[in-house]
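Undergrad: Encoded as structure tokens, here's the structure I'll be asking about.
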């Protein structure tokens with residue numbers, strides 16, 4: 001199966017949607033960071049993937065965007081939107097209530113969870129998409 005990754009413009013669009021839907025200040029701190037974050041989940045070194053598996057790649061989007069703060073506002077919302085969109089593009093849906101998602105994103109932003117823990121959480125809350133099953 002070929003993995004579909006987010007492009008920098010996808011991340012920017014998800015950020016715009018999050019800001020327009022929930023409020024906040026639009027804009028990027030450093031535009032180069034968005035390009036870096038778009039490429040990070042697909043990183044390969046010496047022929048080996050740094051982040052193997054869809055759930056780990058989704059966790060990389062979620063953790064990196066939430067912690068690096070490439071946007072002026074809405075980083076956690078954008079991070080969640082990117083991780084869930086990435087999974088949807090690759091045949092999965094995330095099932096969690098708003099309180100769980102809020103707490104997860106706070107724990108990530110405050111560095112209480114590492115990428116492996118987030119990947120495990122995502123895997124435990126992911127289900128194959130009905131449209132791709």
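Undergrad: Looking at region 50-132, what helices (runs of 4 or more DSSP H) fall wholly within it and have at least 3 residues that are modelled with pLDDT under 95 and over 17 Å from residue 35 (Cα atoms)?
TA: Here the list reads 98-109.
Undergrad: Run residue 33 past the list (1) closer than 16 Å to residue 10 by Cα; (2) modelled with pLDDT of 95 or more and report the number of the one that doesn't hold.
TA: (2)
Undergrad: Name every residue in region 14-37 that is outside any helix (DSSP H, G or I), in contact with a helix residue (DSSP H, G or I) (Cβ under 8 Å, 6 or more places away or on another chain) and surrounded by fewer than 12 Cβ atoms within 10 Å (Cβ to Cβ), in order of residue number.
TA: 25
Undergrad: For region 73-91, state whether one or more residues are without any contact (Cβ under 8 Å) to a residue 40 or more places away in the chain and touching a strand residue (DSSP E or B) at 6+ places or on another chain (Cβ under 7 Å). Give the derivation first.
TA: Narrowing region 73-91 to residues without any contact (Cβ under 8 Å) to a residue 40 or more places away in the chain: 75-76, 79-80, 83-84, 87.
In the following step, the residues that additionally are touching a strand residue (DSSP E or B) at 6+ places or on another chain (Cβ under 7 Å) were identified as 84, 87.
Yes, that holds for at least one residue.
The values are calculated or read from the model by the stated rules, or taken from the named source; none is laboratory data. In this text the structure is predicted, and so the values were computed from the model without any measurement. Neighbour counts run over all protein chains shown; Cβ positions are idealised from the backbone, glycine included.
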